[in-house]
Each structure stands twice: as C-alpha cells, then as structure tokens.
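Working notes, beginning with the structure itself.
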Amino acid sequence: MKKVLVACGNGIATSTVVATKIREKCEDNGIPVIVTQCKLLEVESKADDYDLLVTTGKFTGGGVNIPVVTAISLLTGIGEEKTLDEILAYLK
Amino acid sequence: MSDIIFNESMILKLDGQKTNREVLSAMADHLFQKGLVKETYKEAILNREKEFPTGLFTGNLNVAIPHADTRHVNNASLCVGIAENPVKFYAMDEPDNIIDINMVFMLALKEAHGHIEMLQKVISLIQDQEAVEKMIKAKDLKAVYEIVEQHLL
C-alpha cells in the first residue's frame, strides 16, 4: 500500500483538509492508501518512509527523494480536480 | 459544527486595522478577551504568519486562515474578520507573493488533526465566492452571521 505524507505549517489544520480529500479520492477510486499528517519542518526527517509528499505551504527543504505535489488548490478550489488526479497518478 | 464556539459576537468588522499584523492582533485579542485562547495565542499567530503565511488566493475576494498550535487554545472556536478595504497578506503557497485579503477566518483549534467537519465547511465556504461577497457587503454583523451559519452549522 502506498503511503502519503501531507504537510502544512502547523500540521493541524490545512493538512487535515488535504488528507481527508486525498483519502476520499483514493477510496472513490478503489486505491488503498495510508495518509499521515505532519508539520513542514518535520518533512525531511519523515519523507523517506513515504511514497509521496503533498504540501499546502511552500516546501523549501531539500533532501527529499520522493515526488512532491503542492496542493494549495485543495484549499482554494481553483484547479482542485487536476491536483487530485495528479496525486492519484502517483498512487496507482 | 457543535464542537466549536461561533456566534455573532465572534465576527469583527476590520475598519481601523491597516496591516495584517494589526488584523491578526485585533482578532487574537478578541478571542483572548472571551477566554477562548491563552495569552500566548497572539504571539503564536503572529510568528506563524511570518514563517508560514496563510493567505489563500480564492478568486476576486481572497481569504486568510490564520491558526496556531493547539496548546495556545482553551476552547475550539472561530473568529471571522471582514475587511471592506483589503489588507495585504502573504500567500500560503508562495510566501513572497502578496495577496489582498477581504476576509479572515481565524481558527482556534483544540485537536490536532481533528475538527475535520468544521475545517471542510470553512474551506468550502471560502471557495464560494458568491457567499464571500455577500458577507463582505452585508449591512450588519447579523447578516454576516446568518450566511456563515447557513454554511457552517
């Protein structure tokens, strides 16, 4: 099963919204997935255990060897479906 | 949305505040005066905004969603600020970009990774530009509250 790390500034609010949308999208498409939330500052130490990093804020840290998707659209609604499809493509 | 405190007295008209710092301070002070957040909340909000800004470009009428760590909060609550004249915030996804913000949803969250239903409803409200416009143009706070209530409660 693929694992997704969702990061935002505090790891408590916007990542909750994004993690929920990713879970729902994967469920709708029959893709099993594990979604975990964290703070942006924790990403570098955690990313190795995951297949995909999704962030709401800008991730400026280096040293991450997994694909990164910026998911601001899941908050603004502008381009949301496109971003969800992009995330899904990494998890199939 | 029974798990968070929100009523008409949690809505502020932002008239005198010119900068995002002034807006955030006024809203955090309001939550503190009501005993909903701790004294440390305001500083946490201001620091967080500097490091990880919360402006969202949602269309014509943009919104910021400041929040701070759960340890600064007494009771989960929401404060809504309406700015007829836009205030400059930085963008969450591009912290160098300035966004004109007309509305601020200040979230005081008590549970990390919780409040899912409320957060989803807030996000869906800010994406509804028609509702946001109605809130900004509303004649009084009661009218603003009714719009938020329809969407969140």
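Tell me, what are the semi-axes, in whole angstrom and largest first, of the equivalent ellipsoid of segment A:2-91 as set by the roots of 5 times the Cα gyration tensor eigenvalues? The partial results should precede the final answer.
Details: eigenvalues 68, 43, 26 Å².
So the three semi-axes of segment A:2-91 are 18, 15, 11 Å.
The residue list A:Ala47, A:Ile12, A:Ala89 was ranked by how far each Cα lies along the charge dipole of chain A toward its positive end, using unit charges on Cβ atoms, and A:Ile12 comes out on top. Beta bridges assigned by DSSP with both partners in chain B are antiparallel in approximately 60 percent of cases. Using a 1.4 Å probe over the heavy atoms of the protein chains, calculate the carbon and sulfur portion of the accessible area of segment B:16-153 as a whole percent. Percent of accessible area from carbon and sulfur atoms in segment B:16-153: 47. For segment A:1-30, heavy-atom accessible area (probe 1.4 Å) falls by no less than 30 Å² from the chain alone to the full protein assembly at A:Gly9, A:Asn10, A:Ile12, A:Ala13, A:Thr14, A:Thr16, A:Val17, A:Thr20. Compactness of segment B:18-153, taken as the C-alpha radius of gyration over 2.2 N^0.38 Å, stands at 0.98.
Could you rank the peptides B:69-79, B:137-147 by their average count of other C-beta atoms within 10 Å per residue, with the highest value first?
Working: B:69-79: 19.2, B:137-147: 14.5.
Put in order of decreasing packing, that is B:69-79, B:137-147.
Evaluate E = 1/(1 + (r/R0)^6) for A:Val68 and B:His151, where r is the Cβ-Cβ distance and R0 equals 41 Å; express this FRET efficiency to the nearest 0.05. That pair, A:Val68 with B:His151, gives E of 0.80. Only DSSP H runs of four or more residues enter the estimate; each adds -39500 (n - 2.57), and after division by the residues of the protein assembly as shown the mean residue ellipticity at 222 nm equals -11000 deg cm²/dmol.
Which distance in Å, rounded to a whole number, links the C-alpha centroids of segment B:101-153 and segment B:10-61? Centre-to-centre distance over Cα atoms comes out at 15 Å.
In this label model, B:Asp3 and B:Glu94 are separated by 3.5 nm, measuring between points 7 Å along each Cα→Cβ vector. Scalar couplings 3J(HN,Hα) for segment B:106-111, obtained by applying the Karplus form with A = 6.51, B = -1.76, C = 1.60 to θ = phi - 60°, are 8, 9, 10, 9, 9, 10 Hz; x denotes Gly and Pro. Rounded to the nearest 20, the Cβ-based charge dipole of the protein assembly as shown about its Cα centre (Lys and Arg +1, Asp and Glu -1) stands at 340 debye.
The modelled label-to-label distance for the pair B:Glu117/A:Glu27, using points 7 Å beyond Cα in the direction of Cβ, is 1.4 nm. Each chain gives up part of its surface: B and A jointly bury about 2100 Å² of accessible area, both sides summed, for a 1.4 Å probe. Separation of the alpha carbons by more than 24 angstrom is noted, of A:Lys46/B:Lys42; A:Lys2/A:Lys25; B:Lys18/B:Lys42; B:Lys13/B:Lys42; B:Lys50/B:Lys142; A:Lys25/B:Lys50, for A:Lys46/B:Lys42; B:Lys50/B:Lys142; A:Lys25/B:Lys50. When Rg and Dmax are taken over the Cα atoms of the protein assembly as shown, they come to 17.4, 53 Å.
The values are calculated or read from the model by the stated rules, or taken from the named source; none is laboratory data. Predicted model only: the values in this text are computed from it and were never measured. When we count neighbours, we look across all protein chains shown, and the Cβ atoms used for this are built from the backbone with ideal geometry, even at glycine. For the accessible areas, the whole protein counts, side chains as well, though only heavy atoms, and no ligand, DNA or RNA atoms are used. Shrake-Rupley method; radii C 1.70, N 1.55, O 1.52, S 1.80 Å.
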